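Presented below is the structure to which this report refers.
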Amino acid sequence: MKKTRLFKFLLPCVAVALPLALIGSLRPTKAQSSSVHLCVGNPSNATTNVSSPNNYLLVKPQYALSYSRDKGIANWVSWQLNSSWLGSTPRQDNFRADTALPSGWYRVSSSDYSGSGFDRGHMTPSADRTKTVTDNSATFLMTNIVPQSPDNNQGPWASLENYSRSLVSQGNELCIISGTYGIGGTGSNGTKYTIANGNVQVPTRVWKTIIFNPESGVTTSTRVISVDMPNIQGIRNNDWKIYRVSVDSIEVKTGLNLLSNVSTSVQSVIESRVDNL
């Protein structure tokens, strides 16, 4: 075949193949963005692009999160909770650095919290992932952990986690998003702004939003629980219900769009409500 004819033959093929190649290169990000754990959306439009180190998307089989390299903690963590995630696997307690972080980033280790006066506080709870050893072990990656005051973590925060699982035992499926904001919290050794030689920021507040049965479609009658708790001591015996707020309140303080996949007309109704059940 002459060169001229060959060029005319190959040109349409290249024109088709190049866009397909480009689309193929985008597939991993698209697949990650469709995780079951991003059940009501990606609150900060986090991506897997390393040029966004403070809004970096990590998608695990057990949960999804937006990580901040400079804070050393997640901005938010989102996960599905239903009966399929619950079983009898014991707590693994194998806190460890997350090797999925990009090369060159500081990887927080369990020992970074030693002597800090703060608990290694789970975002996705260990007890929410008890079906298999692998699932439970994944909750001990340090990207799922934040410096949490012992009285918060072991008090109202733990009570809300237990309540969430009781809802699942009643037949509900939940979409849960939790996170932090602010700088500076008070643990058993007093107030600190960072730990781990400045590699981990201590938050002022920890928050959580729970959406009921999103697989059935979120409507204006969907129940949503949101809490905003201080990261301090002295609250161990407080009822988690006193910390209930609206989704709107959390969004104002964090800049997130927590229910981004829900229609704006529905959001405007359910995000302004404060749960009272």
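The values are calculated or read from the model by the stated rules, or taken from the named source; none is laboratory data. Just so you know, these numbers come straight off a predicted model, no measurement behind them. Here the Cβ positions follow ideal geometry from the backbone for every residue, glycine too, while neighbour counts run over all protein chains shown. Heads up: the accessible areas ignore ligands, DNA and RNA and are worked out on the full protein's heavy atoms, side chains in. Shrake-Rupley method; radii C 1.70, N 1.55, O 1.52, S 1.80 Å.
Worth pointing out:
- Taking every full run of DSSP H in the chain, the ones that stretch at least 15 Å from end to end by Cα along their long axis and average 0.0 or higher on the Kyte-Doolittle scale are 3-33.
- The mean sequence separation of alpha-carbon pairs under 8 Å and at least six residues apart, normalised by the residue count of the chain, gives a relative contact order of 17 percent.
- Most fluctuating residue given options Asn257, Asn42, Asn94, as computed from a GNM of the chain linking Cα atoms under 10 Å: Asn94
- Sum of -39500 (n - 2.57) over DSSP H runs of 4+, divided by residues of the chain (222 nm, nearest 500): -8000 deg cm²/dmol
- Cα pair distances of the range 111-203 binned at 10 Å [whole percent]: 15, 45, 29, 10, 1
- Once backbone amide H atoms are built at 1.01 Å from N, Gly121 has Val146, Gln148 as its partners under 5 Å, excluding neighbours fewer than 5 places away on the same chain.
- Accessible surface of the chain [probe 1.4 Å, protein heavy atoms]: carbon and sulfur percent: 54 percent
- Rg over Rh for the range 167-268 works out to 1.04, both radii taken from alpha-carbon positions and Rh defined as the Kirkwood radius.
- For the range 174-228, the Rg and Dmax computed from alpha carbons only, in angstrom: 16.0, 47
- Distance in nm between pseudo-label sites at Ser221 and Ala97 (7 Å out along the Cβ direction from Cα): 5.2 nm
- For the range 89-150, the dipole from Cβ point charges (+1 on Lys and Arg, -1 on Asp and Glu) about the Cα centre works out to 100 debye, to the nearest 20.
- Extended-chain gain in nm, criterion 0.36 nm per residue less alpha-carbon gap, Asn199 and Val252: 16.5 nm
- GNM result for the chain, Cα springs below 10 Å: residue of Ile242, Ile145, Ile73 fluctuating most strongly: Ile242
- Taking 16 Å as the cut-off, the amide N atoms of the range 194-228 that come nearer than this to a point 7 Å along the Cα-to-beta-carbon line of Asn276 belong to 223-226.
- Whole-angstrom gap from the range 93-148 to the range 223-277, using each part's C-alpha centre: 24 Å
- Dipole check for the chain: with +1 at the C-beta of Lys and Arg, -1 at the C-beta of Asp and Glu, and the Cα centre as origin, the magnitude is about 1200 Debye.
- Calculated P(r) tail over 12 Å for the range 112-152, as whole % of Cα pairs: 56 percent
- Eligible aspartates and glutamates near Lys253 by straight Cα distance, threshold 12 Å, same-chain separation 8 or greater: Asp228
- Binned Cα-Cα distances of the chain, short to long, each 10 Å bin given as a whole percent: 7, 28, 34, 18, 6, 4, 3, 1, 0
- Applying 1/(1 + (r/R0)^6) with r as the Cβ-Cβ distance of Thr47 and Ser260 and R0 = 22 angstrom yields a FRET efficiency of 0.95.
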